[in-house]
């Protein structure tokens, strides 16, 4: 059986901006890995095929060793198409059986189990047409599978996910190096320190309220305190961090200061002091020293977030911090309001006041206004430099993908720039 | 209508808090007029507003002197069909 992960519903994608601007939805992280990893672990396919938005196909193809946007991969085997926002632990659809299309109450495809022979009859030019045809020609069933609906759903469920995945992984013990004195609170059965990890002296690992998983070659510097549930990714470094409960970090991040209930994608830095709470941070982000976000309003009311710069969405939670897109950099002393949205590839220069709650992608926020700054060429140069430093390559395919994102996000950015210009002209 | 040169000098004076009469065409924005990088961005923004044009950031920010800015903006105005007094 071939698992087909498809990401072709624009409205759904937009609910995970800015994180989904540069990656398909199944690459979003929660717990100890990606949404895709959890679906694969649950479904156990023989093979996988990916269908991503066209603008990111070349960049994604370079990251994976499976077919991407290849319609020919839809023939020759039984298929299980799964909407990537389905919660893997709730996916109990038998992989064997007659063809059927699972639809939610809005008639959105949640899954599609398609036999090899039926797949052959659904010949189409693209995945959208294939799904539409499957919906029209094959039996439809209504299903109610739980889904991730917004990025903050991932943040708020992260601790529970880590706990569940730690149990599923079935690992514990200390395979890395611990330089005494290291204090372990709670049960040692709730701690796993992978091979190649270095835990320096004067570190506290507190597993009393949840498990702690420190993945391979991570390094924990002195005076770090790690509270479970927590996952620290391969090669990440904690620099005297106060790593509160519910964090997923890594791989190859540098984390200092205080971090609580946050998810950080790979290669991002929060090297210095400053608080990050209930936030979701993309790849290649750098948060300057003393960058601090609010994750709780003074009146304890629900936090709202604007994903498009115009419409505030009630998160339903009193605790949500910031959503920060890939490659975004904040200056020292940046203050982020509760429920802030920082787009991808943005440059933020602090003003001493909390930022506006919505900063578009590719914005240069300078002197309190959104500007065009030095343009995207300079942002790409910075991205290349940051990636070179970690022995990673900035490729033409990545640049083409970000060019497309630049165009896609132009309307809200231009609007913010115009607003800033009005301030300047006054 | 004021010339491009006069308008460039007026905008420059306004952004950098200088006297327009003391700005010369050969003045470098950074070395002579003291523009910091943030002010360079502000200058580009204000030139765009003044002339109702769109400038490529990389090209605009590579302009070094007031005279080069006059030439560059005149050229952009022509390309974008904006009437100016040369």
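For peptide A:367-376, how many partner chain Cβ atoms fall within 10 Å of a residue's Cβ, on average?
5
Taking Cα atoms, how many degrees apart are the long axis of helix B:4-16 and the longest axis of chain B, rounded to 10 and kept between 0 and 90? That works out to roughly 40 degrees. In the stretch A:151-264 the Cα-Cα distances spread across 10 Å bins starting at 0 as 17, 55, 26, 2 percent of all pairs. Over all directions, the projected convex hull of the C-alpha atoms in the stretch B:4-79 averages 4.2 nm² in area. Helical runs (DSSP H, four residues minimum) scored at -39500 (n - 2.57) apiece and divided by the length of chain B put the mean residue ellipticity at 222 nm at -17000 deg cm²/dmol.
When both the stretch A:89-148 and the stretch A:261-330 are represented by their alpha-carbon centers, they are found 35 Å apart. What separates the Cα centres of the stretch B:1-79 and the stretch A:195-230 is a distance of 54 Å.
Using the Kirkwood radius built from alpha carbon pairs, what does the Stokes-Einstein equation give as D for the stretch A:2-149 at 25 °C and 0.890 mPa s, in µm² per second? Value of D from the Cα-based Kirkwood radius: 160 µm²/s.
Rg and Dmax over the alpha-carbon atoms of chain A stand at 21.9, 68 Å.
Using C-alpha pairs below 8 Å separated by at least 6 residues, the relative contact order for chain B is 39 percent. Taking other Cβ atoms within 10 Å as a rough exposure proxy, A:248, A:124, A:224 sort from fewest to most as A:124, A:224, A:248. Using the empirical formula 2.2 N^0.38 Å as the baseline, the Cα radius of gyration of the stretch A:258-363 reaches a ratio of 0.95. Dividing the radius of gyration of the alpha carbons in the stretch A:66-176 by their Kirkwood radius gives 1.07 for Rg/Rh. With both bridge residues required to lie in chain A, what share of the DSSP beta bridges run antiparallel, to the nearest 5%? Approximately 20 percent, going by the DSSP bridge assignments. The long axis of helix B:66-79 is offset from the longest Cα principal axis of chain B by roughly 20 degrees.
For peptide B:37-43, compute the average count of partner chain beta-carbon atoms within 10 Å of each residue's beta-carbon.
On the way: counts 3, 6, 2, 2, 9, 5, 0.
Average per residue, whole number: 4.
Normalised by 2.2 N^0.38 Å, where N is the number of residues, the alpha-carbon radius of gyration of the stretch A:345-398 equals 1.30. Using the Cβ-Cβ distance between residue B:78 and residue B:22 with R0 set to 51 Å, the FRET efficiency works out to roughly 0.95.
Working out 0.36 nm times the residue gap between residue A:62 and residue A:388, then minus their Cα-Cα distance, what length gain in nm do you get to one decimal? Walk me through the numbers on the way to the answer.
Working: separation 326, 0.36 × 326 = 117.36 nm, distance 1.71 nm.
Gain on extension, residue A:62 to residue A:388, equals 115.7 nm.
Angle of helix B:37-51 to the longest C-alpha principal axis of chain B, folded into 0 to 90 degrees and rounded to 10: 30°.
Based only on other Cβ atoms within 10 Å, what is the fewest-to-most ordering of A:292, A:395, A:330?
Working: A:292 19, A:395 14, A:330 30.
Fewest-to-most Cβ neighbours within 10 Å comes out as A:395, A:292, A:330.
When the helices of chain A are scored as -39500 (n - 2.57) per DSSP H run of n ≥ 4 and the total is divided over every residue, the value at 222 nm lands at -7500 deg cm²/dmol.
Counting neighbouring beta carbons within 10 Å and listing from fewest to most, the residues A:252, A:300, A:280 come out as A:300, A:252, A:280.
Scaled to the globular estimate 2.2 N^0.38 Å, the Cα spread of the stretch A:222-294, given as radius of gyration, is 0.91.
No lab work stands behind these numbers, since they all come straight from the coordinates. The structure displayed is predicted, hence computed values, not measured ones. Cβ coordinates were reconstructed from backbone atoms using ideal geometry, including for glycine residues, and neighbour counts include every protein chain displayed.
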